[in-house]
1. Can you give the % of DSSP beta bridges in the chain that are antiparallel, to the nearest 5?
2. Could you give the nm distance between label points at residue 329 and residue 386, where each point is 7 Å from its Cα heading toward the beta carbon?
3. Of 272, 310, 291, which is farthest along the charge dipole of the range 218-317 in the positive direction, counting Lys and Arg as +1 and Asp and Glu as -1 at C-beta?
4. Within a Cβ distance under 15 Å of residue 201, other residues only, what is the Lys/Arg minus Asp/Glu net charge?
5. If the chain between residue 152 and residue 253 were fully stretched, how many nm would it gain, using 0.36 nm times the residue separation less the Cα-Cα distance?
6. Given the peptides 195-206, 211-222, arrange them by the average over their residues of other C-beta atoms within 10 Å, most packed first.
7. Need the full-extension length gain, residue 110 to residue 198, defined as separation in residues times 0.36 nm minus the C-alpha distance. One decimal, nm.
8. Ordered by packing density, taken as the mean number of other Cβ atoms within 10 Å over each peptide's residues, highest first, how do 125-135, 257-267, 375-385 rank?
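Each reported figure results from applying straightforward, stated rules to the coordinates on display, with no laboratory input. Predicted, not measured: the structure shown is a model, and the values here were computed from it. Virtual Cβ from ideal backbone geometry, glycine too; neighbours counted across all protein chains shown.
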Amino acid sequence: MRKVLTVAGFCLVVALASIVAQAQITIGVNISTTGPAASLGIPEKNALLLGPSVIAGQKINYVFLDDTSDPTTAVQNVIRLTQQNNADVLLGPSTSPSSLAVIDAVAKSRTPMISIASASAIVSPMDTNRRWVFKTPPQDEVEAGPLIRHMLTVGVKTVSVIAVDDAYGEAHTSGYSALAGPAGIKTISIEKFNRDDTSVLAQVLRVIRSNPDAVFIAAAGTVSVTPHRTLVERGYKGKIYQSAASANDDFLRLGGKIVNGAYVVSMPILVASQLPDGYPTKKAGVEFARAYATRYGLQAPSFAGNVWDALMLVQAAVPGALKKAKPGTPEFREALRTEIENTKGFRGAGAVYTMSPTDHCGVDKYGSLMMRIVNGTWKLEQYPEFK
């Protein structure tokens, strides 16, 4: 006999289906997979594709949106992810300009976000809007620490800075400047260029005329290749330093032999296997690097480690949040935000994180070190002492 589903039975099925649907956790991903910052966003997406499909018994629904390296698009993506997709947490954006641009929209939606960009202004000074925002890369001065330590080690006394004219360049110039003066390093000049400039010849010629011991290039992704190449082609013989956003295979590919010998500040992920046993991030870093290489046949750049750590912070926060509320609700988003804020001593692939209501980054000195490019490979140059 054919069974007939009663109205009451049908309503029960719909209700149960609704409960199941609401039980999944939605992670909204807002990164740059096209545009000038694609060399950051593509590895970030690759890393997230290695992520878990279930966390604490809850199915994970990843929603990926490309902000095209544009802050306005990044804001639109936040609105879409929070209003249409009902995201429980946001990962990204990839860049500092976009991360700064979305803060108000994130706060209005009352959805926790973990940025993968580096500028300290993303999370400080703490206020009612930044209460919802976290980030995994080190603060500006923590990231500048290895830069200054290495300069002092090799006897650099004068430096010129060439920085991209945006929030990223400003943040890294500020982080460097805060430590350089007190360390006795004289900054001769600060030259700026636009992200889409095809030539920085005028800036480079001014730098060469001032003859600094070293040049620090503060630009994100492959944009940093242009000033580096111009310096070398114009005969500059001093040391060249690059900021952390140059720590990726695209920089090596585009720079080729031109960038050989350059020093690059980075989170530890690219040289995880070269770190001494016992280094706080070595175990997680090696595991992630191995998984990334196995899937993609490439080294995992530092920002792939950044977004992986962001995902792992969410994974660690979910069990506590589930005790307070169900996914898909404002209460769950608030609980998730609180759990992330209470992170203590979490050892990620790129850093150790200890957050608080006043510190939504929480990366200590072990999250940044100095590498050198040797024959197209990354070599560990200098790292913080550890116990």
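1. On the way: 15 of 48 bridges.
Antiparallel: roughly 30 percent of the beta bridges in the chain.
2. Between residue 329 and residue 386, the simple spin-label model gives 4.0 nm.
3. 272
4. Result for the local shell: +2.
5. 33.4 nm is the gain from fully extending residue 152 to residue 253.
6. 211-222, 195-206
7. Once the chain is fully extended between residue 110 and residue 198, it gains 27.7 nm.
8. Descending packing order for the listed peptides: 257-267, 125-135, 375-385.
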